[in-house]
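Colleague: Could you have a look at this structure, given as structure tokens, before my questions?
The values are calculated or read from the model by the stated rules, or taken from the named source; none is laboratory data. A quick note: this is a predicted structure, and the numbers were derived from the prediction, not measured. Quick reminder, even Gly has a Cβ in these numbers, built from the backbone with ideal geometry, and neighbours come from all protein chains shown. Only protein heavy atoms, including side chains, enter the accessible area calculation; ligands, DNA and RNA are left aside. Shrake-Rupley method; radii C 1.70, N 1.55, O 1.52, S 1.80 Å.
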Amino acid sequence: MDSVQELFQQITNMRWSDCLDIIIVAYLLYRLFPLIRTTGTNRVAKAILTIIFLAWVTKILELYTLSFIFDQFLRVGLIALVVLFQPELRRMLDHLGNVKLKKLFGGEKPSQEMAPVISQTVMACEVMSRKRVGALIVFARENRLDEYFKTGTKIDGQVSEQLIRNIFFPMAALHDGAMIIRDGRIAAAGCVLPLSDSDRLSADLGTRHRAGVGMSEASDAVVVIVSEETGTISVAVGGMLKRHLAAQTLERLLCNELCPEETQKSDNLVVRLKQKLQKKGKEDEE
């Protein structure tokens, strides 16, 4: 009861600057968490929360030896986390460094319409799937992927079916690497991506699919994979792989991931059109 009264007293004694401080910090955290929500950062967060929880439990149960060990670990925990999770922390810092300031404050607008980019990509993937040409296409979102961009060859070209097919032509110099599409343009090709070590992936999947899943684990990118052996089209998002996609399904999935607002508007328009047609049909029947 005393603690509740003390809390209420502190709230009543708050100044306007304290309220402003809390609002700004809450907004920054709200905008920041989605930007660093990747598999690596999730592992770091789970490790920290697990250690804090175990330290709290050992104190409640009066397990003095374990409590002492956890207390000592928490004192040097920052150094230990840097050593244990160095790759994940490096990717997280790179991610934050690549986030645009306008995006952090919600003021960035798409630099280019994504509909033609998606359309050209789907047409290229459909042809490559039919001809059994392997492809690995990465769509960068909030994470700018500068770390992987530097491993390839800069292109900065307009997205077109012909250019995509030429890059992944089996005799082309850049066909083995990944293509990165950023801001509606082909930014680079021949890029090297991290391989996933997930045991959930099927054993028959090759390096191209593991690289696509690994890229989706390390960032918020959307990765399209065309199998050279079977011609099947797959998409990796958030560490999850969706396989055996038809061209229409691929286009729909890319629209949902890369321009969800436009997709929602389109869906609402279709729904309203159907409702009007149904209403008109009922009126004609009456």
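Colleague: Taking the conditions exactly as written (polar (S, T, N, Q) and farther than 19 Å from M123 by Cβ), does S227 satisfy them or not? Show your work before the answer.
Modeller: Values: polar (S, T, N, Q): yes; farther than 19 Å from M123 by Cβ: no.
Answer is no for this residue.
Colleague: Here is a further query. Going residue by residue through segment 207-217, is there one that turns out to be in contact (Cβ under 8 Å) with a residue 24 or more places away in the chain and open to solvent by 60 Å² or more (accessible area, probe 1.4 Å)? Give the derivation first.
Modeller: Our first condition is that a residue be in contact (Cβ under 8 Å) with a residue 24 or more places away in the chain; within segment 207-217, this holds for 208-209, 211-213, 215-217.
Subset that is open to solvent by 60 Å² or more (accessible area, probe 1.4 Å): none.
Among the residues of segment 207-217, not one is in contact (Cβ under 8 Å) with a residue 24 or more places away in the chain and open to solvent by 60 Å² or more (accessible area, probe 1.4 Å), which makes the answer no.
Colleague: Same structure, new question: Can you tell me how many residues within segment 187-206 are open to solvent by 50 Å² or more (accessible area, probe 1.4 Å), free of Cβ contacts under 8 Å to residues at least 40 places away in the same chain and of a type in the set (A, V, I, L, M, F, W, C)?
Modeller: 2
Colleague: Could you please tell me which pairs satisfy a Cβ distance under 8 Å, a separation of 6+ or placement on different chains, a first residue in segment 160-179 that is farther than 18 Å from R132 by Cβ, and a second residue that is polar (S, T, N, Q) and assigned to a helix (DSSP H, G or I)?
Modeller: S160/Q120
Colleague: Sticking with this one: Considering only residues of segment 135-146 that are buried (at least 21 other Cβ atoms within 10 Å of the Cβ) and either charged (D, E, K, R) or closer than 14 Å to A178 by Cα (or both), which is modelled with the lowest pLDDT? Outline the logic, then answer.
Modeller: Taking segment 135-146 first, the residues buried (at least 21 other Cβ atoms within 10 Å of the Cβ) are 135-140, 143-145.
Of the ones still in play, those that are also either charged (D, E, K, R) or closer than 14 Å to A178 by Cα (or both) are 135-140, 144-145.
Working: A135: 97, L136: 97, I137: 98, V138: 97, F139: 97, A140: 93, R144: 82, L145: 87.
For segment 135-146, the residue satisfying everything is R144.
Colleague: A follow-up question, please. Return yes when F139 is of a type in the set (F, W, Y) and without any contact (Cβ under 8 Å) to a residue 60 or more places away in the chain and no when it is not. Steps first, answer last, please.
Modeller: Details: of a type in the set (F, W, Y): yes; without any contact (Cβ under 8 Å) to a residue 60 or more places away in the chain: no.
Taking the combined requirement at face value, the residue does not satisfy it.
Colleague: Now a separate question. Name, by its number, the condition in (1) at pLDDT 95 or above; (2) open to solvent by 30 Å² or more (accessible area, probe 1.4 Å) that does not hold for S234.
Modeller: For S234, the failing item is (2).
Colleague: Which numbered condition trips up V122, out of (1) at pLDDT 65 or above; (2) open to solvent by 90 Å² or more (accessible area, probe 1.4 Å)?
Modeller: (2)
Colleague: Among the residues of segment 147-173, what is the count of those that are open to solvent by less than 50 Å² (accessible area, probe 1.4 Å) and within 20 Å of A236 (Cβ to Cβ)?
Modeller: Residues flagged as open to solvent by less than 50 Å² (accessible area, probe 1.4 Å) and within 20 Å of A236 (Cβ to Cβ) within segment 147-173 amount to 7.
Colleague: A further question follows. Does G177 meet the test of being open to solvent by less than 90 Å² (accessible area, probe 1.4 Å) and within 16 Å of M215 (Cβ to Cβ)? Quick ask: steps written out before the conclusion?
Modeller: On the way: open to solvent by less than 90 Å² (accessible area, probe 1.4 Å): yes; within 16 Å of M215 (Cβ to Cβ): yes.
Against the criterion (open to solvent by less than 90 Å² (accessible area, probe 1.4 Å) and within 16 Å of M215 (Cβ to Cβ)), G177 qualifies.
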